[in-house]
Amino acid sequence: MFKPLRGRTVVVTGASRGIGRSIALRFAAAGCNVVAVARGAPAAQAVAAEITATGGSAHAFAADISLTADAQAMAAFALDRFGAIDMLCANAGIFPAARLDQMTAEDFDQVMAVNLRGTFLAVSACLPAMKARGAGRIVLTSSITGPITGYPGWSHYGASKAGQLGFMRTAAIELAPFNITINAVMPGNIATEGLASLGPDYAAKMAASIPAGRLGSGDDIANAALFFCSDEAGYITGQTLTVDGGQVLPESMMALEEMRGG
Ligand code: NAP
């Protein structure tokens, strides 16, 4: 049904683990050239090696996406290795918790720098290559937290994830004449290394509050990103896709209890 993306080049930020790794592997399985980006070079290289070991095409690049020079170097590297940037999955993000009475300005700035400024820097670095090619697909990894829900400790994180959507909507208008789309996936709770760092209790309790009865997988998010990058999604821009197993739907704990038979 969908035209193959074989031979196209995707830059994936935050690709060394978690959701980004799943996106990198999924696009590689679809025949794309992958540039796997993270600050930690060994882990990013391990993902690239995993792809090439199975006959895929990938390179790793070490970059801190909150830094302009690193973002520019990332795009230059992708162009040098593969000659094009067709798709960008701006996925790198951090979610350290701090309640408001503990949160410092530095905590706030750090989350904004990676999650929001990093989104802007990744997009603007990849845009010239997309414009030169006359087409492009950008997918942001936002979150349900911020755009739809809240969670104690994550006011800065929620602001950054809602901010990505504000950024996206104006970018979508500016980029439409260039045949470049920009959309966002909004994951619920996804089983990743980052989420595991919040502790086993958190994961178990969250799974119990999701109608689907399980945390999401990286593949659940990667499939949505792949859809946004398809030719068939070319008329969709500035939109969000919530991928959360129904997590945002129950209006109260009672709704979940009713679902389980009271
Ligand atoms: P994760 O397991 O902690 O992985 C984060 C990735 O981002 C790693 O590859 C990390 O590598 C990279 N990264 C962090 N800071 C970076 C920086 N400054 N520059 C470049 N790369 C950086 O996180 P995840 O759970 O997969 O989350 C990925 C994205 O999904 C984030 O944007 C997050 O907000 C979003 N999300 C996650 C969930 C969830 O439940 N897991 C839910 C909603 C949204 P290095 O540390 O080596 O740089």
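The values are calculated or read from the model by the stated rules, or taken from the named source; none is laboratory data. Predicted model only: the values in this text are computed from it and were never measured. Glycine also receives a Cβ, built like all others from the backbone with ideal geometry; neighbour counts cover every protein chain displayed. When the accessible area is computed, the model is the full protein with side chains, heavy atoms only, and any ligands, DNA or RNA have been set aside. Shrake-Rupley method; radii C 1.70, N 1.55, O 1.52, S 1.80 Å.
State all residues of the range 12-42 that are part of a helix (DSSP H, G or I) and open to solvent by less than 10 Å² (accessible area, probe 1.4 Å); if no residue qualifies, say none.
Filtering the range 12-42 for residues part of a helix (DSSP H, G or I) gives 18-29, 41-42.
Selection gives G20, I23, A24, F27.
In the list A212, A208, A176, A225, which residue meets the criterion of being hydrophobic (A, V, I, L, M, F, W, C) and under 22 Å from G20 (Cβ atoms)? So that I can check it myself, show each step before the final result.
On the way: A212 fails: under 22 Å from G20 (Cβ atoms); A208 fails: under 22 Å from G20 (Cβ atoms); A176 fails: under 22 Å from G20 (Cβ atoms).
Exactly one residue qualifies, and that residue is A225.
Do the conditions hold for A196, that is, is it under 26 Å from V11 (Cα atoms) and modelled with pLDDT under 95? Can you show your working first?
On the way: under 26 Å from V11 (Cα atoms): yes; modelled with pLDDT under 95: yes.
Taking the combined requirement at face value, the residue satisfies it.
Select from the range 90-125 the residues that are among the β-branched types (V, I, T), out of contact with any His (no Cβ under 7 Å at 6 or more places or on another chain) and open to solvent by less than 10 Å² (accessible area, probe 1.4 Å) and list them in ascending order.
Step one: filter the range 90-125 for residues among the β-branched types (V, I, T), giving 94, 104, 111, 114, 119, 123.
So of that shortlist, the ones also out of contact with any His (no Cβ under 7 Å at 6 or more places or on another chain) come out as 94, 104, 114, 119, 123.
Matches in the range 90-125: T119, V123.
Checking P128 against (1) open to solvent by 10 Å² or more (accessible area, probe 1.4 Å); (2) touching a residue at least 24 places away in the same chain (Cβ under 8 Å); (3) not in a helix (DSSP H, G or I): exactly one of these is not met. Which one?
Among (1) open to solvent by 10 Å² or more (accessible area, probe 1.4 Å); (2) touching a residue at least 24 places away in the same chain (Cβ under 8 Å); (3) not in a helix (DSSP H, G or I), P128 violates only (3).
Considering only residues that are open to solvent by 30 Å² or more (accessible area, probe 1.4 Å) and touching a residue at least 24 places away in the same chain (Cβ under 8 Å), which ones fall in the range 43-53?
Step one: of the range 43-53, the residues open to solvent by 30 Å² or more (accessible area, probe 1.4 Å) are 43, 45-46, 49-50, 52-53.
A43, A46, E50, listed by residue number.
For residues that are in contact (Cβ under 8 Å) with a residue 60 or more places away in the chain and charged (D, E, K, R), scanning just the range 189-224, find the one that is nearest to the ligand (Cβ to nearest atom).
For the range 189-224, the residue satisfying everything is E193.
Assuming A184 fulfils every condition listed in (1) small (G, A, S); (2) in a loop (DSSP other than H, G, I, E, B); (3) free of Cβ contacts under 8 Å to residues at least 60 places away in the same chain apart from one, which condition is it?
(2)
Applying the selection to the range 97-121, what residues are closer than 17 Å to T145 by Cα and either of a type in the set (S, T, N, Q) or near the ligand (Cβ under 10 Å from one of its atoms) (or both)?
Step one: list which residues in the range 97-121 are closer than 17 Å to T145 by Cα, which gives 97-100, 108, 111-112, 114-116, 119.
V111, V114, N115, T119, listed by residue number.
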